[in-house]
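Rule-based calculations on the coordinates, nothing more; no lab input. The shown structure was predicted, so the numbers you read here are calculated from the model rather than taken from an experiment. Cβ sites come from the backbone with ideal geometry, for glycine too, and all protein chains shown count toward neighbours.
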Amino acid sequence: MQSGNPWNMDVSFVIVTYRSADVIGSCLDSIGAGGNVSREVFLVDNASGDGSAEIVRAKYPSVQLISNDSNRGFSAANNQAIPQCRGRYLFFLNPDAELTGGCLETAVRYMDENPRIGLAGTKVVYPDGAMQETISLRYPGERHTMGELEGLQGPIACVLGASMIARAELIRAIGGFDEDYFLYGEDQELCLRIRQQGFEIGYIGEAVVRHIGGHSERASASADRWRRKTLAEYIFYRKHYKPETIRRISREDRRKAWWRTLTIPLTLPFLRDGDAARDKLVKYRTILETLDDIEHPGRQGGA
């Protein structure tokens, strides 16, 4: 698979780190070198402040490090590296993920043999071997749509952004990741735009990646995470759905969140461990607050 052209190789890995010092070594070690797949690695550090960039600089000199002085978000950080990549394929990998044996060769072979696949996700498992959900056959809120997403290629809507391989030429043609998404939702947006170009989204079940999951968000408060997730969904809706579709989604989200904020407190006295229920309560209260902010921007104190 290796090309004789020094400016052309098989795979360019792009990894975005944020406070990933305790996992990035294992991730980079798993990528390795050698074999019949030529590769390079770009790592964009979003001002981690925990030594992530220093570890890479000291221990992995072959990695092409881009060190930001602020947290630019996942989409923008990926886009910083893409123009410099020389690979036929771009492999977007989370820093808390590790390739298992044969994963890279299998992924490249799959893409070579399936030219209608623009981007594919790998099989992703937790460190204990349990499967992670990686495939979605629908986009957020799609069941409420009225033909907005008709005519798309293939059955898969999107795959988990923790481990994705894509055609570099296609990713450049569509402008990379949409930087309106800071964190969450960017994988769904990218997959949709690829399908709109007439390509399909694939899944490589024989290529396995171990993934911790949520590593960069482990220090974030639950409310912060749910706010970012809700905002990302509504960015997606505004870009792709009709206003009346968005109103239907919002009404349902409000009804569900309102009902759960009423009923969850009633169950707490009867639970042995109420932490999960309290986290759900935070989730639904945050969704209501975020919807208020989306629908009434700039409103202060309910005015």
Roughly what % of DSSP beta bridges within the chain run antiparallel, to the nearest 5? 35
Over segment 242-295, relative contact order from alpha-carbon pairs under 8 Å, at least 6 apart, %: 44
In degrees from 0 to 90, rounded to the nearest 10, what is the angle of the helix 186-196 Cα long axis to the longest principal axis of the chain? 70
For segment 9-217, average projected area of the Cα convex hull in nm²: 11.2
Assuming 0.36 nm per residue, please report the length gained on full extension of the stretch residue 272 to residue 86 beyond their Cα-Cα distance. 61.5 nm
Can you run the Rg to Rh ratio on segment 242-295? Use alpha carbon positions and the Kirkwood inverse-distance Rh. 1.10
Hey, what angle do you get for helix 275-295 against the long axis of the chain, alpha-carbon based, 0 to 90 degrees rounded to 10? 80
Rounded, prolate or oblate: which fits segment 74-121, taking a ≥ b ≥ c as square roots of the Cα gyration tensor eigenvalues, rounded meaning a/c under 1.5, else prolate when a/b beats b/c? oblate
Separation between Cα centres of segment 161-202 and segment 221-291, rounded to whole Å: 26
Let a ≥ b ≥ c be the square roots of the eigenvalues of the Cα gyration tensor of segment 224-266; is it rounded (a/c under 1.5), or, if not, prolate (a/b larger than b/c) or oblate? oblate
Computed about the Cα centre, the charge dipole of segment 242-295 from +1 Lys/Arg and -1 Asp/Glu charges at the Cβ has a magnitude in debye, to the nearest 20, of 260
Roughly how big is the chain's charge dipole about its Cα centre, with Cβ charges of +1 (Lys, Arg) and -1 (Asp, Glu), in debye to the nearest 20? 840
If I take every Cα pair under 8 Å that is 6 or more residues apart in the chain, average their sequence separation and divide by the length, what percent do I get for the relative contact order? 18
Amide H contacts of residue 89 (H built 1.01 Å from N, under 5 Å, at least 5 apart or other chain): 11, 12, 168
Inter-probe distance in nm under a simple model that places probes 7 Å from Cα toward Cβ, at residue 222 and residue 109: 4.5
Quick one: what are the phi-derived ³J(HN,Hα) couplings along segment 117-133, Karplus 6.51/-1.76/1.60 with θ = phi - 60°, whole Hz, x for glycine and proline? 8, x, 8, 9, x, 9, 5, 10, 10, 6, x, 8, x, 5, 6, 9, 6
Here the relative contact order (percent) of segment 1-142, from C-alpha pairs under 8 Å and at least 6 apart, is 29
What nm distance separates the two modelled labels at residue 197 and residue 251, each placed 7 Å from Cα along Cα→Cβ? 3.8
Could you tell me how many degrees, from 0 to 90 and to the nearest 10, lie between the Cα long axis of helix 103-113 and the main elongation axis, the longest principal axis, of the Cα atoms of the chain? 90
Across the chain: Cys residues that no other cysteine approaches within a C-beta distance under 4.7 Å: 27, 85, 103
Most mobile listed residue (149, 262, 288) in the chain, GNM with C-alpha springs under 10 Å: 262
Translational D in µm²/s for segment 96-136 (Stokes-Einstein at 25 °C, 0.890 mPa s, Kirkwood Rh from C-alpha pairs): 210
